[in-house]
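The values are calculated or read from the model by the stated rules, or taken from the named source; none is laboratory data. Given the structure is predicted, the values throughout are model-derived calculations rather than measurements. A quick note on method: Cβ atoms are made from the backbone with ideal geometry, for glycine too, and the neighbour counts reach across all protein chains shown. Remember, those area values only see protein heavy atoms, side chains included, never the ligands or the DNA or RNA. Shrake-Rupley method; radii C 1.70, N 1.55, O 1.52, S 1.80 Å.
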Amino acid sequence: MALPSKVKIVEVGPRDGLQNEKTAISAEVKIALIDLLSDAGFVNVEAASFVSPKWVPQMASSVEVMAGIRRRPGTIYSALAPNMQGLEAALAANVDEIVIFGAASEAFSQKNINCSIAESIERFRPVAEAAKRHGKLLRGALSCAFGCPYQGEVSTEAVADVVRRLRDLGCDEIDIADTIGVATANRVRPVMESAIREFPIERLSAHFHDTYGQALANIYASLEVGITIYHSSVAGLGGCPYAKGATGNVATEDVLYLMQGLGIETGVDLNAVVEAGRFISSHLGRPSNSRAGAALAAKLLS
Ligand code: HMG
Ligand code: MG
(Lines give C-alpha, C1' and ligand atoms only; values in the text may rest on other atoms or scores of the structure.)
(Ligands and ions follow the chains in the order given, each with its own letter.)
Protein backbone atom coordinates (compact mmCIF):
# COMPACT_ATOMS: atom_id res chain seq x y z
CA MET A 1 0.00 0.00 0.00
CA ALA A 2 1.25 3.48 -0.88
CA LEU A 3 2.09 5.75 2.06
CA PRO A 4 -0.38 8.57 2.81
CA SER A 5 0.35 11.83 0.93
CA LYS A 6 -0.67 14.02 3.87
CA VAL A 7 -0.68 13.58 7.66
CA LYS A 8 -1.79 15.58 10.68
CA ILE A 9 0.79 16.18 13.38
CA VAL A 10 -0.58 16.81 16.87
CA GLU A 11 1.98 18.75 18.92
CA VAL A 12 1.79 17.42 22.49
CA GLY A 13 4.92 19.02 23.96
CA PRO A 14 3.21 21.67 26.09
CA ARG A 15 1.20 18.97 27.89
CA ASP A 16 2.69 15.48 27.55
CA GLY A 17 6.16 16.97 27.26
CA LEU A 18 6.15 19.43 30.10
CA GLN A 19 4.01 17.45 32.57
CA ASN A 20 7.01 15.35 33.57
CA GLU A 21 9.47 18.20 34.15
CA LYS A 22 10.60 18.40 37.75
CA THR A 23 11.43 22.11 37.74
CA ALA A 24 8.41 24.38 37.65
CA ILE A 25 8.00 26.12 34.31
CA SER A 26 6.19 29.42 34.45
CA ALA A 27 2.89 29.98 32.70
CA GLU A 28 4.57 32.74 30.66
CA VAL A 29 7.10 30.30 29.20
CA LYS A 30 4.38 27.75 28.43
CA ILE A 31 2.29 30.45 26.75
CA ALA A 32 5.26 31.64 24.68
CA LEU A 33 5.99 28.05 23.65
CA ILE A 34 2.40 27.40 22.58
CA ASP A 35 2.31 30.66 20.62
CA LEU A 36 5.52 29.68 18.79
CA LEU A 37 3.99 26.29 17.98
CA SER A 38 0.77 27.89 16.75
CA ASP A 39 2.82 30.12 14.45
CA ALA A 40 4.62 27.04 13.12
CA GLY A 41 1.29 25.91 11.66
CA PHE A 42 0.08 23.00 13.80
CA VAL A 43 -3.64 22.36 13.44
CA ASN A 44 -3.75 20.72 16.86
CA VAL A 45 -1.74 21.59 19.98
CA GLU A 46 -2.22 19.73 23.25
CA ALA A 47 -1.91 22.70 25.54
CA ALA A 48 -3.08 21.83 29.05
CA SER A 49 -4.30 19.24 31.50
CA PHE A 50 -7.05 19.66 34.07
CA VAL A 51 -5.99 16.96 36.48
CA SER A 52 -5.27 17.02 40.19
CA PRO A 53 -2.33 19.37 40.90
CA LYS A 54 -1.33 16.99 43.68
CA TRP A 55 -0.82 14.27 41.11
CA VAL A 56 0.74 16.38 38.34
CA PRO A 57 1.97 19.70 39.80
CA GLN A 58 3.43 20.96 36.52
CA MET A 59 -0.04 21.24 34.98
CA ALA A 60 -1.41 23.38 37.83
CA SER A 61 -1.10 26.53 35.71
CA SER A 62 -3.43 25.22 32.99
CA VAL A 63 -6.12 27.86 33.59
CA GLU A 64 -3.56 30.66 33.24
CA VAL A 65 -1.99 29.03 30.21
CA MET A 66 -5.27 28.64 28.34
CA ALA A 67 -6.22 32.24 29.17
CA GLY A 68 -2.87 33.60 27.97
CA ILE A 69 -2.34 31.91 24.62
CA ARG A 70 -3.07 33.50 21.29
CA ARG A 71 -5.68 31.39 19.50
CA ARG A 72 -4.60 30.84 15.95
CA PRO A 73 -7.68 30.45 13.73
CA GLY A 74 -7.80 26.86 12.51
CA THR A 75 -5.81 25.42 15.40
CA ILE A 76 -7.49 23.10 17.88
CA TYR A 77 -6.24 23.52 21.45
CA SER A 78 -6.71 20.32 23.47
CA ALA A 79 -6.62 19.53 27.16
CA LEU A 80 -6.91 16.43 29.30
CA ALA A 81 -9.91 16.05 31.59
CA PRO A 82 -10.24 12.79 33.55
CA ASN A 83 -13.47 13.61 35.40
CA MET A 84 -16.25 16.18 35.72
CA GLN A 85 -14.09 18.48 37.82
CA GLY A 86 -11.53 18.56 35.03
CA LEU A 87 -14.20 18.92 32.37
CA GLU A 88 -15.75 21.94 34.07
CA ALA A 89 -12.35 23.62 34.28
CA ALA A 90 -11.67 22.78 30.63
CA LEU A 91 -15.02 24.24 29.55
CA ALA A 92 -14.39 27.40 31.56
CA ALA A 93 -11.02 27.69 29.81
CA ASN A 94 -12.74 27.27 26.43
CA VAL A 95 -10.68 24.27 25.38
CA ASP A 96 -11.55 23.11 21.84
CA GLU A 97 -10.94 19.40 22.34
CA ILE A 98 -11.40 17.37 25.51
CA VAL A 99 -9.08 14.40 25.98
CA ILE A 100 -10.15 11.52 28.18
CA PHE A 101 -7.40 9.04 28.88
CA GLY A 102 -7.79 5.36 29.53
CA ALA A 103 -5.42 2.42 29.37
CA ALA A 104 -5.26 -1.00 27.81
CA SER A 105 -3.70 -2.26 31.04
CA GLU A 106 -5.52 -2.59 34.36
CA ALA A 107 -2.36 -2.00 36.37
CA PHE A 108 -1.57 1.25 34.58
CA SER A 109 -5.15 2.47 34.90
CA GLN A 110 -4.90 2.05 38.67
CA LYS A 111 -1.56 3.86 38.92
CA ASN A 112 -2.41 6.66 36.52
CA ILE A 113 -5.99 7.52 37.35
CA ASN A 114 -6.62 5.52 40.50
CA CYS A 115 -9.39 3.27 39.15
CA SER A 116 -9.98 0.18 37.02
CA ILE A 117 -10.53 0.34 33.25
CA ALA A 118 -14.26 -0.31 33.70
CA GLU A 119 -14.53 2.39 36.37
CA SER A 120 -12.60 4.83 34.17
CA ILE A 121 -15.10 4.36 31.35
CA GLU A 122 -17.96 5.08 33.77
CA ARG A 123 -16.14 8.24 34.95
CA PHE A 124 -15.56 9.31 31.37
CA ARG A 125 -19.21 8.83 30.37
CA PRO A 126 -20.56 12.10 31.85
CA VAL A 127 -17.38 13.89 30.74
CA ALA A 128 -17.91 12.70 27.16
CA GLU A 129 -21.61 13.59 27.22
CA ALA A 130 -20.96 17.09 28.57
CA ALA A 131 -18.11 17.68 26.10
CA LYS A 132 -20.42 16.78 23.22
CA ARG A 133 -23.30 18.81 24.63
CA HIS A 134 -20.99 21.83 24.63
CA GLY A 135 -19.96 21.21 21.04
CA LYS A 136 -16.41 20.16 21.91
CA LEU A 137 -14.34 17.65 20.06
CA LEU A 138 -13.65 14.50 22.09
CA ARG A 139 -10.47 12.47 21.93
CA GLY A 140 -9.70 9.25 23.76
CA ALA A 141 -6.11 8.35 24.59
CA LEU A 142 -5.34 4.67 25.05
CA SER A 143 -2.17 4.22 27.09
CA CYS A 144 0.02 1.15 27.20
CA ALA A 145 -1.31 -0.23 23.92
CA PHE A 146 2.09 -1.86 23.28
CA GLY A 147 3.18 -2.75 26.79
CA CYS A 148 2.80 -1.72 30.41
CA PRO A 149 5.44 -0.76 32.97
CA TYR A 150 3.55 -2.70 35.67
CA GLN A 151 2.04 -5.74 33.96
CA GLY A 152 4.35 -6.17 30.94
CA GLU A 153 2.58 -7.54 27.88
CA VAL A 154 -0.69 -6.13 26.63
CA SER A 155 -2.83 -8.16 24.23
CA THR A 156 -4.36 -6.88 21.01
CA GLU A 157 -7.74 -8.01 22.42
CA ALA A 158 -7.27 -5.60 25.34
CA VAL A 159 -6.51 -2.79 22.89
CA ALA A 160 -9.56 -3.61 20.76
CA ASP A 161 -11.78 -3.82 23.85
CA VAL A 162 -10.88 -0.33 25.13
CA VAL A 163 -10.97 1.19 21.64
CA ARG A 164 -14.54 -0.12 21.35
CA ARG A 165 -15.47 1.39 24.73
CA LEU A 166 -13.93 4.77 23.84
CA ARG A 167 -15.71 4.68 20.48
CA ASP A 168 -19.02 4.00 22.24
CA LEU A 169 -18.43 7.06 24.43
CA GLY A 170 -18.43 9.12 21.21
CA CYS A 171 -14.73 9.82 20.71
CA ASP A 172 -13.97 11.66 17.49
CA GLU A 173 -10.35 10.51 17.59
CA ILE A 174 -8.59 7.70 19.46
CA ASP A 175 -4.86 7.67 20.21
CA ILE A 176 -3.03 4.37 20.26
CA ALA A 177 -0.24 5.17 22.68
CA ASP A 178 3.06 3.48 23.37
CA THR A 179 3.40 5.17 26.74
CA ILE A 180 6.74 3.58 27.63
CA GLY A 181 8.17 3.39 24.13
CA VAL A 182 8.66 -0.38 24.07
CA ALA A 183 7.10 -1.17 20.69
CA THR A 184 9.13 -2.43 17.78
CA ALA A 185 7.99 -2.08 14.17
CA ASN A 186 6.70 -5.66 13.83
CA ARG A 187 4.21 -5.04 16.65
CA VAL A 188 2.69 -1.96 15.02
CA ARG A 189 0.53 -3.68 12.39
CA PRO A 190 -1.22 -6.19 14.69
CA VAL A 191 -1.94 -3.55 17.33
CA MET A 192 -3.15 -0.94 14.83
CA GLU A 193 -5.22 -3.53 12.96
CA SER A 194 -6.96 -4.55 16.19
CA ALA A 195 -7.90 -0.88 16.64
CA ILE A 196 -8.89 -0.41 12.97
CA ARG A 197 -11.39 -3.26 13.30
CA GLU A 198 -13.23 -1.17 15.91
CA PHE A 199 -12.70 2.43 14.73
CA PRO A 200 -12.23 4.30 11.42
CA ILE A 201 -8.55 4.37 10.49
CA GLU A 202 -8.65 8.05 9.46
CA ARG A 203 -9.51 9.02 13.03
CA LEU A 204 -6.94 6.83 14.75
CA SER A 205 -3.67 8.37 15.82
CA ALA A 206 -0.27 6.96 16.71
CA HIS A 207 1.34 8.31 19.90
CA PHE A 208 4.88 7.00 20.23
CA HIS A 209 7.41 7.64 22.95
CA ASP A 210 11.06 7.21 22.02
CA THR A 211 12.39 5.45 25.12
CA TYR A 212 14.10 2.68 23.16
CA GLY A 213 14.84 4.78 20.07
CA GLN A 214 12.16 2.97 18.05
CA ALA A 215 9.64 5.73 17.52
CA LEU A 216 10.55 6.72 13.95
CA ALA A 217 10.61 3.08 12.86
CA ASN A 218 7.22 2.63 14.49
CA ILE A 219 5.89 5.71 12.74
CA TYR A 220 7.09 4.40 9.40
CA ALA A 221 5.36 1.10 10.15
CA SER A 222 2.19 3.04 11.04
CA LEU A 223 2.40 4.94 7.72
CA GLU A 224 2.53 1.57 5.98
CA VAL A 225 -0.65 0.56 7.80
CA GLY A 226 -2.26 3.84 6.64
CA ILE A 227 -2.40 5.84 9.89
CA THR A 228 -2.54 9.58 9.13
CA ILE A 229 -2.44 11.25 12.57
CA TYR A 230 0.81 11.38 14.59
CA HIS A 231 1.57 12.82 18.00
CA SER A 232 4.96 14.30 18.75
CA SER A 233 6.65 16.68 21.10
CA VAL A 234 8.89 19.62 20.24
CA ALA A 235 12.52 18.93 21.26
CA GLY A 236 11.39 15.42 22.28
CA LEU A 237 10.07 16.72 25.58
CA GLY A 238 8.19 14.36 27.72
CA GLY A 239 7.53 11.27 29.68
CA CYS A 240 4.78 10.17 31.96
CA PRO A 241 4.83 10.61 35.73
CA TYR A 242 3.20 7.15 36.09
CA ALA A 243 5.56 5.32 33.76
CA LYS A 244 8.96 5.31 35.40
CA GLY A 245 11.84 5.54 32.94
CA ALA A 246 9.59 6.51 30.05
CA THR A 247 11.36 9.25 28.15
CA GLY A 248 9.89 11.80 25.84
CA ASN A 249 7.51 11.59 22.98
CA VAL A 250 9.11 11.24 19.61
CA ALA A 251 10.56 14.64 18.71
CA THR A 252 8.43 16.71 16.35
CA GLU A 253 11.47 17.94 14.43
CA ASP A 254 12.49 14.33 13.72
CA VAL A 255 8.99 13.41 12.56
CA LEU A 256 8.78 16.48 10.32
CA TYR A 257 12.18 15.72 8.83
CA LEU A 258 11.03 12.17 8.10
CA MET A 259 7.77 13.35 6.53
CA GLN A 260 9.58 15.98 4.46
CA GLY A 261 11.98 13.32 3.16
CA LEU A 262 9.09 11.03 2.29
CA GLY A 263 7.29 13.87 0.48
CA ILE A 264 4.37 13.70 2.94
CA GLU A 265 2.61 17.00 3.54
CA THR A 266 2.21 18.24 7.15
CA GLY A 267 1.50 21.96 6.80
CA VAL A 268 4.04 22.64 9.55
CA ASP A 269 7.15 24.82 9.17
CA LEU A 270 10.08 22.69 10.36
CA ASN A 271 12.41 25.67 10.91
CA ALA A 272 9.82 27.37 13.11
CA VAL A 273 9.59 24.20 15.20
CA VAL A 274 13.38 24.11 15.50
CA GLU A 275 13.18 27.66 16.91
CA ALA A 276 10.45 26.62 19.36
CA GLY A 277 12.66 23.68 20.39
CA ARG A 278 15.59 26.01 20.98
CA PHE A 279 13.38 28.29 23.04
CA ILE A 280 12.09 25.59 25.41
CA SER A 281 15.44 23.79 25.65
CA SER A 282 17.11 27.02 26.74
CA HIS A 283 14.48 27.45 29.46
CA LEU A 284 15.02 23.87 30.62
CA GLY A 285 18.78 24.40 30.56
CA ARG A 286 19.55 21.32 28.51
CA PRO A 287 20.10 20.38 24.89
CA SER A 288 17.20 19.32 22.70
CA ASN A 289 16.36 15.61 22.55
CA SER A 290 15.71 15.97 18.84
CA ARG A 291 18.48 14.79 16.55
CA ALA A 292 17.05 16.66 13.56
CA GLY A 293 16.39 19.68 15.77
CA ALA A 294 20.01 19.81 16.93
CA ALA A 295 21.38 19.29 13.41
CA LEU A 296 19.16 21.96 11.89
CA ALA A 297 19.84 24.42 14.71
CA ALA A 298 23.60 23.96 14.18
CA LYS A 299 23.11 24.63 10.46
CA LEU A 300 20.96 27.70 11.06
CA LEU A 301 23.59 29.12 13.43
CA SER A 302 26.59 28.40 11.22
P1 HMG B 1 -8.46 10.61 42.95
O2 HMG B 1 -7.60 10.95 44.09
O3 HMG B 1 -8.90 9.19 42.80
O4 HMG B 1 -9.72 11.58 42.84
O5 HMG B 1 -7.74 11.04 41.61
P6 HMG B 1 -10.75 12.14 43.83
O7 HMG B 1 -11.98 12.43 43.01
O8 HMG B 1 -10.86 11.26 45.05
O9 HMG B 1 -10.10 13.56 44.26
C10 HMG B 1 -9.00 13.67 45.11
C11 HMG B 1 -8.52 15.13 45.15
O12 HMG B 1 -8.12 15.54 43.85
C13 HMG B 1 -9.58 16.13 45.60
O14 HMG B 1 -8.92 17.19 46.26
C15 HMG B 1 -10.13 16.64 44.31
O16 HMG B 1 -10.67 17.93 44.42
C17 HMG B 1 -8.90 16.68 43.45
P18 HMG B 1 -8.82 17.27 47.86
O19 HMG B 1 -10.24 17.26 48.33
O20 HMG B 1 -8.04 16.06 48.28
O21 HMG B 1 -8.09 18.56 48.08
N22 HMG B 1 -9.22 16.53 42.03
C23 HMG B 1 -8.92 17.44 41.08
N24 HMG B 1 -8.27 18.63 41.12
C25 HMG B 1 -8.15 19.29 39.96
N26 HMG B 1 -8.60 18.83 38.78
C27 HMG B 1 -9.25 17.66 38.71
C28 HMG B 1 -9.41 16.91 39.88
N29 HMG B 1 -10.00 15.73 40.14
C30 HMG B 1 -9.87 15.51 41.45
N31 HMG B 1 -9.69 17.22 37.52
C32 HMG B 1 -7.58 11.72 39.34
C33 HMG B 1 -8.28 10.82 40.34
C34 HMG B 1 -7.88 11.21 37.95
C35 HMG B 1 -8.11 13.13 39.49
C36 HMG B 1 -6.07 11.67 39.63
O37 HMG B 1 -5.68 10.34 39.65
C38 HMG B 1 -5.25 12.46 38.66
O39 HMG B 1 -5.36 13.67 38.51
N40 HMG B 1 -4.32 11.77 37.99
C41 HMG B 1 -3.42 12.40 37.05
C42 HMG B 1 -3.21 11.49 35.91
C43 HMG B 1 -2.37 12.17 34.84
O44 HMG B 1 -2.50 13.35 34.60
N45 HMG B 1 -1.49 11.38 34.22
C46 HMG B 1 -0.67 11.85 33.17
C47 HMG B 1 -1.46 12.06 31.91
S48 HMG B 1 -1.78 10.55 31.01
C49 HMG B 1 -0.49 10.43 29.92
O50 HMG B 1 0.43 11.20 29.97
C51 HMG B 1 -0.56 9.40 28.85
C52 HMG B 1 -0.86 9.97 27.47
O53 HMG B 1 0.14 10.89 27.07
C54 HMG B 1 -0.88 8.86 26.45
C55 HMG B 1 0.30 7.95 26.60
O56 HMG B 1 1.43 8.31 26.32
O57 HMG B 1 0.01 6.84 27.06
C58 HMG B 1 -2.22 10.67 27.42
MG1 MG C 1 2.18 10.26 26.23
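So what is the relative contact order for the chain, in percent, with contacts set as C-alpha pairs under 8 Å and at least six apart?
With pairs under 8 Å counted, the relative contact order is 20 percent.
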*About the Cα centre, charge dipole magnitude for the chain (Lys/Arg +1, Asp/Glu -1 at Cβ), debye*: 260 debye
*Using 7 Å Cα-to-Cβ label points, what is the residue 71/residue 21 separation (nm, one decimal)?*
2.5 nm
*Where a Cα-Cα gap under 19 Å defines reach, which aspartates and glutamates qualify for residue 299, not counting those fewer than 8 residues away within the same chain?*
253, 254, 269, 275
*Could you rank 43, 255 by how accessible they are, 1.4 Å probe, largest area first?*
43, 255
*Among 201, 100, what's the order by accessible area (1.4 angstrom probe), most exposed first?*
201, 100
*Mean accessible surface per residue for region 181-273, computed with a 1.4 Å probe while every protein chain stays in place, in Å²*: 36 Å²
_Among DSSP bridges having both ends in the chain, what percentage is antiparallel? Round to the nearest 5._
10 percent
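Among the listed pairs 54/111; 30/111; 22/54; 111/244, give every one whose C-alpha distance is greater than 18 Å.
Violating the 18 Å Cα-Cα cut-off are 30/111.
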*Find the relative contact order for region 122-172 and round it to a whole percent, using C-alpha pairs within less than 8 Å whose residues are 6+ positions apart.*
45 percent
*Any chance you could check the Cα centroid distance between region 143-220 and region 1-72 for me, in angstrom?*
21 Å
_Among 250, 29, 188, residue whose mean-square fluctuation peaks in a GNM of the chain (springs only between Cα atoms under 10 Å)_ = 29
*Run the numbers on region 159-239 and let me know its relative contact order in percent, using alpha-carbon pairs under 8 Å that are six or more apart.*
34 percent
_Computed label-point distance, nm, for sites residue 119 and residue 269 using a 7 Å Cα→Cβ extension_ = 4.8 nm
*Please arrange 178, 210 by accessible surface area, largest first, computed with a 1.4 Å probe and ligands excluded.*
210, 178
*Going by the alpha-carbon gyration tensor, a ≥ b ≥ c the square roots of its eigenvalues, is region 239-302 rounded (a/c under 1.5) or, if a/c is not under 1.5, prolate (a/b greater than b/c) versus oblate?*
oblate
*Provide the gained length on full extension for the span residue 217 to residue 84, in nm with one decimal, where the gain is 0.36 nm per separating residue minus the Cα-Cα distance.*
44.1 nm
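Could you give the length gained on full extension between residue 157 and residue 185, defined as 0.36 nm per residue of separation minus the Cα-Cα distance, in nm? Before the final figure, lay out each step's value.
Numbers: separation 28, 0.36 × 28 = 10.08 nm, distance 1.87 nm.
Here the answer is 8.2 nm.
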*In square angstrom, rounded to the nearest 10, how much accessible surface does residue 8 have for a 1.4 Å probe?*
50 Å²
